[in-house]
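To keep things clear, I will list the structure first and then write my remarks on it.
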Amino acid sequence: MNPIIETKELTHIYSRGTPFERVALDSVNFSVNPGEFMGIIGHTGSGKSTLIQHLNGLLKPTDGQVLFDGTDIWGDKHFTRQVRFKVGLVFQYPEYQLFEETVFKDISLGPKNMKLPEEEIRRRVYEAAAFVELPDSVMELSPFELSGGQKRRVAIAGVIAMEPDVLILDEPTAGLDPKGREQILSNIRAYQDARHATVIMVSHSMEEIADSVERLVVIHDAHIAMDGTPREVFAHASELESMGLSVPQVTNVFLRLRKMGLDVDTSVYTTEQAKAALLALKGGRPGC
Amino acid sequence: MLKDITIGQYFPGDTPIHRMDPRTKILNVIFYIIALFSCGGIVGYVLVLAYLIAAVRISRIKLKTILKGVKPLIIIIIFTALLNMFYTPGNELVHFWRLTITDAGLKNAVLMVARIIMLITGTFLLTYTTSPITLTDGLELLLNPLKKLHAPVHELAMMMSIALRFIPTLIEETDKIMSAQKARGADFETGNLIQKAKALIPILVPLFVSAFRRADELATAMECRCYTGGEGRTRLNPLHWQRLDTIGLICGIVLLTGVIVLRQFGL
């Protein structure tokens, strides 16, 4: 299977040639397969935001290439613009970019920029709103009248309405209450299932990542430090900690249990797995 | 891109100019500007230029940084030069089509450009070597006598420091909003003037919304910390007048007097 997005020796240097020069990405080779649900974790300033802004052509590499479906996205100006529609990027706190008079108009900005016919725009806007569970009654309201969680979902719908093949979200649940978080995560999963889209999610919450993704990439100090399934990555608890990251709480509990002398599988990383592991342990020693 | 703007930027350092009291520096800039505009002839300009060069050397600000500050104003400078060159009456030097260049025009243009560049550089030197907070502190103290006339000096100074404080924040915010709208296919580069102006709406609306939100939050935060205006407020770092400041002030006065005296002789 050919990767849908690939970076080759991608390097990005901010403020080159000034005293403020900083290498944000250093020869990063990275690829995303179609249909994958990928998580990116990394400490603040590790370069993850810089990386995702390269994937849809918002930032131009200082050196190296970014390929979409095998084509260099900076090869042709027209193609660069097309890639922005094919790779939808939802920024952190996306509700701060809302500006239109009504929710409908705001969601339709992307499709309108794609120069789609009126009917198609309508269909996409309503479909995108359905994905994020926005009731039809809010469509004619001003986005500024909505609650924080609703605003966030309007902003995400604005990107989904472009029907991108790849959806990238930078900390989509930051600053939301538990209910709002769960809702947004399930919306994202629903979108991926329905569209067979590729999803890349940046997050600081290991639990969130553990529950959702199939593949996990760790970025540290402008490099890719680890790349594998959540199970493989979370097996390196001490290394993650040295990078200022951590493993999910459940894994920590199991690591402690192991230290206390209990023979448990420390590779669990979701509560479901933990439950199964504990039940298995109990089943192995009846009456305990 | 937007981050490259250097207006109001401060470059920390430990030179006599950095250490000087902001009041001395503000007064010196005022003397300098008056001197610059009272120059009667080339000698006067040379004197002011020498003063500027000396100050820049002492402050150890790189020439490159200073030129970067002048760069955004290059169009205004060129425009002024051209206007002066073509529209000053005098002895004709070159004539083509409907344009004439006169000797007086040429001289005017050169002096005007020199004057603008020196004006910008001199004032930039103040912001380059003084942190915004000390700058507004100095301004507040200098304007203190106006309090007797019930002028809201403290409030003005506070507004100024808040405004300066938020320039970088708002620039960063603009950058972020621009990227976000670009990710939705917004196009800021192509199109005619009207299309370009229209393309600004998706940036300006969120920017204003967030500026108002920030203002509101800041006001609440200030109230929570019992801010009630300038009455009875003390400073963390009170300003002290040093010998350095006396010397600086004398230099400024000498420059101004020198230029005015030279002017009497038509130099």
Open item on the list: Considering the Cα positions of chain B, please state its Rg to one decimal place and its Dmax as a whole number of Å.
Closed with: 23.0, 69
Open item on the list: Rounding to the nearest 10 and keeping the result within 0 to 90°, find how far the Cα-based axis of helix A:249-259 lies from the longest principal axis of chain A.
Closed with: 20
Task: Mean-position separation - Cα centroids, the range A:188-264 and the range B:133-177, in angstrom - done: 47
- [ ] Any lysines with Cα under 22 Å of the A:Lys259 Cα? List them, leaving off those in the same chain fewer than 8 positions away.
- [x] A:Lys275, A:Lys282
Task: Partner lysines for B:Lys147 [C-alpha distance under 25 Å; skip if fewer than 8 residues away on the same chain] - done: B:Lys25
Open item on the list: Which residue, A:Phe37, B:Gln195, A:Leu185, has the largest displacement toward the positive end of the dipole of the protein assembly as shown when charges sit on each Cβ (Lys, Arg +1; Asp, Glu -1)?
Closed with: B:Gln195
- [ ] Taking only the C-alpha atoms, wrap a convex hull around the protein assembly as shown and report its volume per residue in Å³ as a whole number.
- [x] 245
Task: Listed peptides B:140-147, B:31-38 by packing density, highest first (mean Cβ within 10 Å) - done: B:31-38, B:140-147
- [ ] Work out the mean other chain Cβ neighbour count within 10 Å for the residues of B:174-181 and drop it here as an integer.
- [x] 5
Task: Residue-averaged 222 nm ellipticity for chain A, from DSSP H runs of 4+ at -39500 (n - 2.57), nearest 500 - done: -11500 deg cm²/dmol
- [ ] Compute the accessible area per residue over the protein assembly as shown, keeping the other protein chains in place, probe 1.4 Å, unit Å².
- [x] 54
TODO: Please list A:98-108, A:193-203 highest first by mean number of surrounding beta-carbon atoms within 10 Å per residue.
DONE: A:98-108, A:193-203
Open item on the list: Within 10 Å of each candidate Cβ there may be at most 15 other Cβ atoms; applying that plus a DSSP loop requirement, which trypsin sites (Lys or Arg not before Pro) in the range B:32-92 survive?
Closed with: B:Arg60, B:Lys62
TODO: Run the accessible area of the range B:154-233 with a 1.4 Å probe and give the carbon-and-sulfur part as a rounded percent.
DONE: 65
TODO: Kindly compute the accessible surface that chains A and B hide from a 1.4 Å probe when together, both sides summed, and give it to the nearest 100 Å².
DONE: 1700
- [ ] Output the antiparallel fraction of DSSP beta bridges having both residues in the protein assembly as shown, as a percent to the nearest 5.
- [x] 55
Open item on the list: In Å and on Cα atoms, what radius of gyration and Dmax does the range A:24-115 show?
Closed with: 14.9, 43
TODO: Provide the percentage of antiparallel DSSP beta bridges, counting only those with both residues in chain A; round to the nearest 5.
DONE: 50
Open item on the list: What translational diffusion coefficient, to the nearest whole µm²/s, does the range A:123-207 have by Stokes-Einstein, given a Kirkwood radius computed over alpha-carbon pairs, a temperature of 20 °C and 1.002 mPa s viscosity?
Closed with: 163
TODO: List the DSSP H helices in chain B whose Cα atoms stretch 15 Å or more along the helix axis and whose mean Kyte-Doolittle hydropathy is at least 1.0.
DONE: B:22-38, B:42-59, B:74-87, B:103-129, B:132-143, B:243-264
Open item on the list: What three numbers, in Å, describe the spread of the alpha carbons of the range A:1-72 along their principal axes, ordered from the longest?
Closed with: 43, 26, 18
TODO: Indicate the gyration tensor shape class of chain A (rounded, prolate or oblate), computed on the Cα atoms with a ≥ b ≥ c the square roots of the eigenvalues: a/c under 1.5 is rounded; otherwise a/b larger than b/c is prolate and the rest oblate.
DONE: oblate
Open item on the list: For peptide B:13-26, what's the mean number of Cβ atoms from other chains within 10 Å of each residue's Cβ?
Closed with: 0
TODO: Place the peptides A:180-186, B:75-81, B:120-126 in order of packing, highest mean first, counting for every residue the other Cβ atoms within 10 Å and averaging per peptide.
DONE: B:120-126, A:180-186, B:75-81
Open item on the list: Need the full-extension length gain, B:Arg98 to B:Lys62, defined as separation in residues times 0.36 nm minus the C-alpha distance. One decimal, nm.
Closed with: 8.7 nm
Open item on the list: Above 26 Å lies some portion of the pair distances; for the range B:1-140, what is it as a whole percent of all C-alpha pairs?
Closed with: 34
Open item on the list: Using Stokes-Einstein with the Kirkwood hydrodynamic radius over Cα pairs, what translational diffusion coefficient do you get for the range B:154-233 at 10 °C and a viscosity of 1.306 mPa s, in µm²/s rounded to a whole number?
Closed with: 106
Task: Förster radius 41 Å - calculated FRET efficiency between B:Ile194 and B:Leu218, Cβ distance, rounded to 0.05 - done: 0.70
Open item on the list: Modelling each spin label as a point 7 Å along the Cα-to-Cβ direction, I'd like the A:Thr229/A:Ala190 distance in nm, to one decimal.
Closed with: 2.9
Open item on the list: Can you return the aspartates and glutamates within cross-link range of A:Lys179? Criterion is Cα-Cα under 17 Å, with same-chain partners fewer than 8 residues away left out.
Closed with: A:Glu133, A:Glu171, A:Glu207, A:Glu208, A:Asp211
- [ ] Between A:Thr271 and A:Asp69, with labels modelled 7 Å along Cα→Cβ, what's the label distance in nm to one decimal, could you check?
- [x] 4.1
Task: Total formal charge among the other residues, if their Cβ is under 15 angstrom from that of B:Cys39, Lys/Arg +1 and Asp/Glu -1 - done: +3
- [ ] Just flag the GluC sites (Glu not before Pro) in the range A:1-87 sitting in loop per DSSP whose Cβ has no more than 13 other Cβ atoms within 10 Å.
- [x] A:Glu21
TODO: Provide, for q = 0.11, 0.22 Å⁻¹, the log10 of I(q)/I(0) from a solvent-free Debye sum over equal Cα point scatterers in the range A:124-263.
DONE: -0.50, -1.34
Task: Under 20 Å from the A:Asp177 label point (7 Å along Cα→beta-carbon), backbone N, the range A:141-169 - done: A:144-155
Open item on the list: On a 24 Å Cα-Cα criterion, which of the cross-link pairs B:Lys68/B:Lys198; A:Lys86/B:Lys182; A:Lys48/B:Lys198; B:Lys64/B:Lys176; A:Lys105/A:Lys151 come out too long?
Closed with: B:Lys68/B:Lys198; A:Lys48/B:Lys198; B:Lys64/B:Lys176
- [ ] Give me the distance between the Cα centres of the range B:18-87 and the range A:14-64, rounded to whole Å.
- [x] 42
- [ ] Please report, in cubic angstrom per residue, the volume enclosed by the convex hull of the alpha-carbon atoms of the range A:189-288.
- [x] 112
Open item on the list: Averaged over its residues, how many other protein chain Cβ atoms are within 10 Å of peptide A:151-163's Cβ atoms?
Closed with: 1
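The values are calculated or read from the model by the stated rules, or taken from the named source; none is laboratory data. Here the structure is a predicted model, which is why all the values come from computation and not from measurement. For neighbour counting, all protein chains shown are included, and Cβ atoms are generated from backbone atoms with ideal geometry for every residue, glycine included. To get the accessible areas, we keep the full protein, side chains included, count just its heavy atoms, and leave off ligands, DNA and RNA. Shrake-Rupley method; radii C 1.70, N 1.55, O 1.52, S 1.80 Å.
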